[in-house]
Structures are given as C-alpha cells and as structure tokens.
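**Q** The following block contains the structure, expressed as structure tokens.
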Protein chains: 2
Amino acid sequence: MTTILKLGGSVVTDKDRRETVDDAALANAADAIAEADTEGLVVVHGGGSFGHPNAADRNVSATEGTTDAADVRAIHRAMGELLTTVTDELGAAGVPAVPVRPLSAGYRTVAGDVELSTETIAMMLEEGFVPILHGDVFATAGRGATIVSGDELVVALAAELDAERIGVCSTVPGVLDDEGDVVPTIERYAEAETVLGGSGSTDVTGGMAAKVESLLDATAPAYVFGLEDIGPFLSGAEAGTRIGPSP
Amino acid sequence: MTTILKLGGSVVTDKDRRETVDDAALANAADAIAEADTEGLVVVHGGGSFGHPNAADRNVSATEGTTDAADVRAIHRAMGELLTTVTDELGAAGVPAVPVRPLSAGYRTVAGDVELSTETIAMMLEEGFVPILHGDVFATAGRGATIVSGDELVVALAAELDAERIGVCSTVPGVLDDEGDVVPTIERYAEAETVLGGSGSTDVTGGMAAKVESLLDATAPAYVFGLEDIGPFLSGAEAGTRIGPSP
C-alpha cells in the first residue's frame, strides 16, 4: 500500500524568517513518522521560507518561467538545503529516508501538466527506502523553468504510484468552517465553496480553497490535518478533513 | 545535435586529498566549455576524491549494494557537494548549467542494467540548459542501492538521447601505447587488448581497458582526450583516441 504524506512548508519552516527551519515542528513530524509503519511511504515537503522568497526574488512561479540557469540553480539550492535538513532529521529518527529532487525527475508540459518519472521512486519503495521530495524548480516546455509545488507533486505521485491515501499536514487541524471548527468531509467543490466562502477568502485560509480544489482531483482520498495527527493518519485512522470520496 | 562530455573524477578533483576539488583543472574545463557552442551538450563528472572514498568506506560498489539509507545519504551528499561546485563554476564561466542527480532519475535493474529516465534531460536541452550529472548512488533491484559510475551514465545518456559524439576528458591525452604515444583509433576490442596488454594491465592504465571496452559498446563514437582537448572536441574536431567506428 502506497501512502503520500505532504509536510507543509509552513509546518517545517519558520515562514517569517528566511531559510529557517522550524526545528521543533520538524522533530515532532520526524518522531511521528518514525513510530509508524513506513513501508510504501513517500514524503513531500513544501518550500516555506526556503522556496517562496527565492522564487519571488526571481519572479518565477508555476506560470512565470525563467530561462536563466542561475535562477534555476539558486532556487534549487535553497530547496536542497531544506531537503537535506528534513531528510537527515527523518534519518536520525530512524526513517530510511532518501532524497529525491523533482528538478531531476520531471518537467512541465506546454499545457502546464506535471510529468514526473516515478519508476525510480517505485524502485526505492521496493527496496525499503522512504523517498523524500519537495516543491522545486522544474524544466518547462517553452518557458525555461517554472515552480512545481509540493501539492502538485502529491497529486502526480498519487496517480502514478496508485496510492491509496494522501495526507496533507498543515498548520491547521483541518479545513475550518466559519466558526473555526474542522469540517469532517468535503466530497464536492460546491461544499468547499460554502465552507471556504469561495476563492475570495483564499488569502484568509492560506490557500486552502485552491488546495481543496486540487485534492478533489486526486486519485485517492486526501486528509488535511495538523502536526498532531500525523501518527493517527499513518496508522490508518481518519484525521482532520477528508477530501474526496470515502475510501 | 547532442553531445555527451565526461569530465573524469581524477581531472576535476585532487585524487590524493579527500573531498578536494582541483580548482585549476576545473576552471580550465569550465572556460573551454564556455567558449564552445553548448547547445545540445550534456556534462557528466566522475566521483574522484568525493565519491570513491565515501563508497569504499561503506563497502558499496557497482555490484555490492547497501540497504542502509544512511549510506545512500552520505555518498549522495558528498557527490552533491562536488556537483554544486562543478555546476556553479560552469555557471560562473557562462555555461547555462543546471544540476541533475542520477539518484533521482534512474535505477539499476536486477540484471545490473542502468535505467535512466532522460525525458527531463531532453526537456532541459530543449530549453537551452546544459544538464550536469555525476556518478552517484543508485536504487538497485534486490540490492538496495549500488554505485552508478559516470562512465555508465555516459553510455546510457548517449543511447537514450541519440547523441552523435561522446567526449571523455581524462588525465591522459588519449589511450596510450607501450611507448606512451596516443593511439589514434580503436575500433575493436582486439586492438585495445594488444595496446593495453589485456585486462591484466587494468591497474597500470587506471582502468583504461575497462573504459575502452564499455565505450566500444556505446551508440556513438567516443573520444578519450586530455584537458587541453576539450575545446577542439567541442568544436567538432578529432581529439585524442577515437573509440568506435568513424562517425
């Protein structure tokens, strides 16, 4: 059984201090993952204060490309430092973590689709390793290189590896309604719109509306939860908000 | 037209000092590459004093695998430091160099064959970038992870990308005969055996016999030459020893 676990960039980094890891949060996440059965697990982390400022400085986004190799190297280097820290921390906690760099493993088509070559990741899983990926800069047809987000990679990995469950560890305990309570399930985008107040509230929810929309397209049910629910999620329990049909 | 250029590990590193770059040699190589037309160029560098001692410490080779993720991380980290140095130096010289990590892009089958996913590299070339790869640790069916050499990657890249020429920049000006003169062409292994004295002299020739044998299997003519011949090779001239049929 393959499981994809996303560690949000704002969970593992200090979003207000450039290129700074949130050591306590990362240690908690590493311990929770190490205590679980990690067979078939793939981890993806976001960019947080490593990826976003470096991409913004260079005006590179998922749609705005760069043809300057120095931009590619700079964004990729920053993300590589975070990847090394995350991978080493997971390794120290006892997870057989090995790094995988999306820039080396995929590209974006002219239509904007993410093509990720996952045979290598499948071989790592077969050999008992836990591949760790991250949001990255990505060669892109006709645009040089753009940004690929951790969320895009999660959806691509789930489809290619035929994953059974997706977990998205966020800074909130799930998708919250107007009262701040966790919505247990969202099976259609219409429900999310009611709860999230449409795309106008994207900033307020930290991009939650967009995240819900993309996870509804995933090939496996996705759970959005907080740091404390990594353990329950990996043990197979329901956690936070389930997005998509019942498994 | 696609060209694969290998920079030997013993060219770009100081083989006698662990994890030490040969700054002067690397600067020369970078300048020669920057002066050439780099459209369609892929560069691969060897491990030198970064890769070999780290692999040997952990008893990992092309055939001896490791199932310990810490071994994978350690060997890959050392090679990543050399890759960053090589890529930044090429970038500083004006080459649109972007890093590609073989661990993320391929694996070895149970039969020992190298499977490298090259769609991403082809996309980088299309977008005008010069991908830089390196000998690395590689997920391997049934054996955890083994070492993939720069030479193996060169042969795999040439086949997958339908390259027209391969250049192997070595510490010697070509394959040398008994008198120390450069042999201009080797078209069949029988000729190499005469010149190199068979596999018994592998140590003396620094693995040249094995290199010649693998390059004879390549899908494009390969030239083995010294640092001073990078420019002539990239400009389309014959350089050092040609291995394989006339182009």
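**Q** Of these, B:32, B:55, B:78, which one is small (Gly, Ala, Ser), over 26 Å from residue A:89 (Cα atoms) and either at pLDDT below 95 or touching a helix residue (DSSP H, G or I) at 6+ places or on another chain (Cβ under 6 Å) (or both)? Give the steps one after another, and end with the answer.
**A** Numbers: B:55 fails: over 26 Å from residue A:89 (Cα atoms); B:78 fails: over 26 Å from residue A:89 (Cα atoms).
B:32 is the lone residue from the list that is small (Gly, Ala, Ser), over 26 Å from residue A:89 (Cα atoms) and either at pLDDT below 95 or touching a helix residue (DSSP H, G or I) at 6+ places or on another chain (Cβ under 6 Å) (or both).
**Q** Can you work out which of the residues in segment A:84-115 that are surrounded by fewer than 23 Cβ atoms within 10 Å (Cβ to Cβ), closer than 23 Å to residue B:144 by Cβ and among the hydrophobic types (A, V, I, L, M, F, W, C) is nearest to the other protein chains (Cβ to nearest Cβ)?
**A** A:92
**Q** May I pose another question? Given the residues A:172, A:168, A:182, which is the only one that is more than 14 Å from chain B (Cβ to nearest Cβ), of a type in the set (A, V, I, L, M) and surrounded by fewer than 18 Cβ atoms within 10 Å (Cβ to Cβ)?
**A** Working: A:172 fails: surrounded by fewer than 18 Cβ atoms within 10 Å (Cβ to Cβ); A:168 fails: surrounded by fewer than 18 Cβ atoms within 10 Å (Cβ to Cβ).
Exactly one of A:172, A:168, A:182 is more than 14 Å from chain B (Cβ to nearest Cβ), of a type in the set (A, V, I, L, M) and surrounded by fewer than 18 Cβ atoms within 10 Å (Cβ to Cβ), namely A:182.
**Q** Find all pairs meeting these conditions: Cβ atoms under 6 angstrom apart; at least six residues apart or on different chains; first residue within segment B:19-36 and without any contact (Cβ under 8 Å) to a residue 40 or more places away in the chain; second residue among the charged types (D, E, K, R).
**A** These pairs meet every condition: B:20/B:14; B:22/B:14.
**Q** Consider residue B:63 against the criteria (1) out of contact with any Gly (no Cβ under 8 Å at 6 or more places or on another chain); (2) over 25 Å from residue A:77 (Cα atoms); (3) at pLDDT below 95: it satisfies all of them except one. Which criterion is unmet?
**A** (1)
**Q** Of the residues in segment B:197-232, how many are in a helix (DSSP H, G or I) and either modelled with pLDDT under 70 or not aliphatic (A, V, I, L, M) (or both)?
**A** Let us first name the residues in segment B:197-232 that are in a helix (DSSP H, G or I), namely B:199-201, B:208-216, B:227-232.
Keeping just the survivors that are either modelled with pLDDT under 70 or not aliphatic (A, V, I, L, M) (or both) gives B:199-201, B:211, B:213-214, B:228-229, B:231-232.
Adding up the residues that qualify gives 10.
**Q** When you go through A:69, A:122 one by one, which is the residue that is in contact with a Pro (Cβ under 7 Å, 6 or more places away or on another chain) and facing another protein chain (nearest Cβ under 10 Å)? First the steps, then the outcome.
**A** Working: A:122 fails: in contact with a Pro (Cβ under 7 Å, 6 or more places away or on another chain).
Going through A:69, A:122 in turn, just one is in contact with a Pro (Cβ under 7 Å, 6 or more places away or on another chain) and facing another protein chain (nearest Cβ under 10 Å): A:69.
**Q** Follow-up. Could you say whether any residue in segment A:107-129 is in contact (Cβ under 8 Å) with a residue 60 or more places away in the chain, farther than 15 Å from residue A:157 by Cβ and of a type outside the set (S, T, N, Q)?
**A** So the first thing to find is which residues in segment A:107-129 are in contact (Cβ under 8 Å) with a residue 60 or more places away in the chain, and the list is A:121, A:125, A:128.
Add one more test, that the residue is farther than 15 Å from residue A:157 by Cβ, and what stays is A:128.
Next cut, of a type outside the set (S, T, N, Q) only: A:128.
So far as segment A:107-129 goes, yes, one or more of its residues are in contact (Cβ under 8 Å) with a residue 60 or more places away in the chain, farther than 15 Å from residue A:157 by Cβ and of a type outside the set (S, T, N, Q).
**Q** Step by step: first the residues of segment B:70-89, then only those that are free of Cβ contacts under 8 Å to residues at least 24 places away in the same chain and not small (Gly, Ala, Ser), then the one that is farthest from residue B:11 (Cα to Cα). Which residue is that? Full working, then the answer.
**A** To start, the set of residues in segment B:70-89 that are free of Cβ contacts under 8 Å to residues at least 24 places away in the same chain comprises B:70, B:73-74, B:77, B:80, B:84, B:88.
Among the residues that remain, those that are also not small (Gly, Ala, Ser) are: B:73, B:77, B:84, B:88.
Working: B:73: 25, B:77: 20, B:84: 16, B:88: 17 Å.
Among those that are free of Cβ contacts under 8 Å to residues at least 24 places away in the same chain and not small (Gly, Ala, Ser), it is B:73.
**Q** Residue B:155 - would you say it is touching a Ser or Thr at 6+ places or on another chain (Cβ under 7 Å), within 30 Å of residue A:108 (Cα to Cα) and away from every other protein chain (no Cβ under 14 Å)?
**A** Numbers: touching a Ser or Thr at 6+ places or on another chain (Cβ under 7 Å): yes; within 30 Å of residue A:108 (Cα to Cα): yes; away from every other protein chain (no Cβ under 14 Å): yes.
Criteria met by residue B:155.
**Q** Please verify whether residue A:138 is surrounded by 23 or more Cβ atoms within 10 Å (Cβ to Cβ), within 12 Å of chain B (Cβ to nearest Cβ), free of Cβ contacts under 8 Å to residues at least 40 places away in the same chain and closer than 17 Å to residue B:98 by Cβ, treating the condition exactly as stated. Step through it out loud before you land on a result.
**A** On the way: surrounded by 23 or more Cβ atoms within 10 Å (Cβ to Cβ): yes; within 12 Å of chain B (Cβ to nearest Cβ): yes; free of Cβ contacts under 8 Å to residues at least 40 places away in the same chain: yes; closer than 17 Å to residue B:98 by Cβ: yes.
So residue A:138 passes the test.
**Q** While we're here: Condition first: over 14 Å from the mean Cα position of the chain (by Cα) and at pLDDT 95 or above. Now tell me which residues in segment B:35-49 satisfy that. Give the derivation first.
**A** From segment B:35-49, those over 14 Å from the mean Cα position of the chain (by Cα) are B:35-40, B:49; that's our starting set.
Within segment B:35-49, B:35, B:36, B:37, B:38, B:39, B:40 qualify.
**Q** What is the number of the single condition among (1) assigned to a helix (DSSP H, G or I); (2) over 18 Å from residue A:173 (Cα atoms) that residue A:17 does not meet?
**A** Condition not satisfied by residue A:17: (1).
**Q** Continuing with the same structure: Restricting attention to segment A:141-165, and to residues there that are aliphatic (A, V, I, L, M) and assigned to a strand (DSSP E or B), which single residue is surrounded by the fewest Cβ atoms within 10 Å (Cβ to Cβ)? Break it down into steps so the answer makes sense when it comes.
**A** Taking segment A:141-165 first, the residues aliphatic (A, V, I, L, M) are A:141, A:145, A:147-148, A:153-159, A:161, A:163.
Okay, now just the ones that are also assigned to a strand (DSSP E or B), so A:145, A:147-148.
On the way: A:145: 28, A:147: 27, A:148: 25.
My answer is A:148.
**Q** Which residue out of A:145, A:92 is touching a residue at least 40 places away in the same chain (Cβ under 8 Å), within 19 Å of residue B:99 (Cβ to Cβ) and of a type in the set (Gly, Ala, Ser)? Before the answer, list the steps.
**A** Working: A:92 fails: within 19 Å of residue B:99 (Cβ to Cβ).
Just one listed residue meets the conditions, A:145.
**Q** Does any residue in segment A:179-199 that is within 19 Å of residue A:247 (Cα to Cα) and among the polar types (S, T, N, Q) come within less than 7 Å, Cβ to Cβ, of a residue that is modelled with pLDDT of 85 or more and crowded, with 16+ Cβ neighbours inside 10 Å six or more places away or on a different chain, and which pairs are these?
**A** A:185/A:241; A:185/A:242
The values are calculated or read from the model by the stated rules, or taken from the named source; none is laboratory data. Fair warning: this is a prediction, and the values are worked out from it, not measured in the lab. A quick note on method: Cβ atoms are made from the backbone with ideal geometry, for glycine too, and the neighbour counts reach across all protein chains shown.
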